[in-house]
There are 2 protein chains.
Amino acid sequence: MIEHADLSRPIYIRLKEMILDGDLKPGEKIIQEKIAETLGVSRTPLMKALLTLENEYLIESIPRRGMFVKTRDLKEIIDVYICREAIEGMAARLLATYKNDNNTDALKKCFTPFLEDENIDSQTYTKADENFHKLLIKLTENAPLDKIYFFSNIHDKVIGHGLVRPPEETLEEHFKIITAIEQGNPDDAERYAREHIRKSRELLIDQYKNHKSE
Amino acid sequence: MIEHADLSRPIYIRLKEMILDGDLKPGEKIIQEKIAETLGVSRTPLMKALLTLENEYLIESIPRRGMFVKTRDLKEIIDVYICREAIEGMAARLLATYKNDNNTDALKKCFTPFLEDENIDSQTYTKADENFHKLLIKLTENAPLDKIYFFSNIHDKVIGHGLVRPPEETLEEHFKIITAIEQGNPDDAERYAREHIRKSRELLIDQYKNHKSE
DNA sequence: AAATTGCATTTTGTATACAAAATACAAAAT
DNA sequence: ATTTTGTATTTTGTATACAAAATGCAATTT
């Protein structure tokens, strides 16, 4: 049996699930007593979990008024993509600078299942994409860099709504990044990583504009 | 005792002060009951403050064993500087891209007091330097970018130990960044911002090596 | 009918109580 | 003398209690 010394940990995981799955909807107020009862815990460890989620940008707290599932407008999603561009770009640079076969192998492995696949399953690819981007950060072994990468939450949420570019387009980009890292070319690695995210960002803006003018 | 709608807020500020001032020393265990009594509050709002500090990387928590003032080794400080390089570089790029006179004026104002000063006071300049780097981020109005910039804490702490380059060297660099922003040159702005931090990082490594071989 | 006020209810923020785990330390064993 | 074991103390983690603020709603006023 896995023993949890800290109840707030599984609560945090559960709540995060609920938010990302949409069980708790953006803007919805989190009534502590209610959630606490649902989860069968008291408000104390729940509060700890909520504070962690607040720091991960999934919840917004207004003193004396309550905690709410964070709503996001386009501006903020764009801003997140800008952050990711800076962070993942740097991560790719670091990996290329201190290149290492284990790392490139691990990165490649994210996408090998799709290399000979004619009909890529969107769901599976999305998951692989998430893994790849998280791995890129993890492999740097730069703890602060990893800590600030809670953006992946928002990224996952955006992806969850089907707002991604097709695998035909991104698969190649991913391998361009990996190859640059493999060849120990920091400038290329960073440039490709940034381009990759910038393109998604631009698409998001376009999609929004089109949607708006319908 | 302090009065506020949210007690954890002033507690947080107070504790942060105590950590940055060295009243609470790195590695020191934070005995909740003790601190709570000292501040005249209960453990509940104290815990909230401590969790915020944990998320700001100033405190480290080990479940069931306690919370400790974070210790830092060179590797971690270097890692922070790498993060700053990515983040501030992007900030400079953004400001140059969406250039605006108010912004450049505000940035210039940080250092105008030192322009005709022959004998720059180190303490005052250090404060100005801190302001400049925080302002660079703030002016982007990119909320997530600002949120992840808690590194300034660590930066301030390092600076507090006197580990900075002299004003004669950095003043010029600061103005190179500002000028690039003013001229709307994103590539230069980012490059100069990154160089600026990279140089400090390299100096830190040198200082460490010298110190070690003494 | 719309706006305002006052009261009951809900909900948050803080303090406190209590159980379980960690720690410190002394006594016993090797 | 050093290690081990058992016990008292401290400290954390969780639940609960309670006061103060926010909210909802009905009665009253305009």
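List of remarks:
- Those residues of region A:180-203 which are hydroxyl-bearing (Ser, Thr, Tyr) and either surrounded by fewer than 17 Cβ atoms within 10 Å (Cβ to Cβ) or under 18 Å from the mean Cα position of the chain (by Cα) (or both), in sequence order: A:200
- Single residue of region A:44-70 satisfying the filter (assigned to a loop (DSSP other than H, G, I, E, B) and within 16 Å of DNA strand D (Cβ to nearest atom)) that is surrounded by the fewest Cβ atoms within 10 Å (Cβ to Cβ): A:64
- Tally of residues being within 9 Å of DNA strand C (Cβ to nearest atom), touching a residue at least 24 places away in the same chain (Cβ under 8 Å) and among the small types (Gly, Ala, Ser) across region B:4-48: 2
Results for (1) at pLDDT 95 or above; (2) in contact with a Cys (Cβ under 6 Å, 6 or more places away or on another chain); (3) of a type in the set (Gly, Ala, Ser), shown as yes or no for each residue.
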{"residue": "B:36", "(1), (2), (3)": "yes, no, yes"}
{"residue": "B:42", "(1), (2), (3)": "yes, no, yes"}
{"residue": "B:59", "(1), (2), (3)": "yes, no, no"}
{"residue": "B:62", "(1), (2), (3)": "yes, no, no"}
{"residue": "B:76", "(1), (2), (3)": "no, no, no"}
{"residue": "B:83", "(1), (2), (3)": "yes, no, no"}
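Here's the yes/no breakdown for (1) more than 14 Å from chain A (Cβ to nearest Cβ); (2) on the phi < 0 side of the Ramachandran plot; (3) touching a helix residue (DSSP H, G or I) at 6+ places or on another chain (Cβ under 9 Å):
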site: B:138; (1), (2), (3): no, yes, yes
site: B:141; (1), (2), (3): no, no, yes
site: B:147; (1), (2), (3): no, yes, yes
site: B:150; (1), (2), (3): no, yes, yes
site: B:180; (1), (2), (3): yes, yes, yes
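- Only a single item in (1) touching a helix residue (DSSP H, G or I) at 6+ places or on another chain (Cβ under 8 Å); (2) within 12 Å of chain B (Cβ to nearest Cβ); (3) not in a helix (DSSP H, G or I) is not met by residue A:41, and it is number (2).
- Criterion violated by residue A:115 - all others in (1) surrounded by fewer than 16 Cβ atoms within 10 Å (Cβ to Cβ); (2) within 14 Å of chain B (Cβ to nearest Cβ) satisfied: (2)
- Whichever residue in region A:59-72 is out of contact with any Pro (no Cβ under 8 Å at 6 or more places or on another chain) and not charged (D, E, K, R) and, among such residues, is farthest from the other protein chains (Cβ to nearest Cβ): A:68
- Residue count, region A:73-87 (criterion: closer than 14 Å to residue B:141 by Cβ and more than 7 Å from chain B (Cβ to nearest Cβ)): 3
- Residue check, residue A:86 assigned to a helix (DSSP H, G or I), of a type in the set (A, V, I, L, M) and in contact with a Pro (Cβ under 9 Å, 6 or more places away or on another chain): no
The values are calculated or read from the model by the stated rules, or taken from the named source; none is laboratory data. Not measured: the values here are computed from a predicted model. Note: ideal-geometry Cβ built from the backbone for every residue, glycine included; neighbour counts use all protein chains shown.
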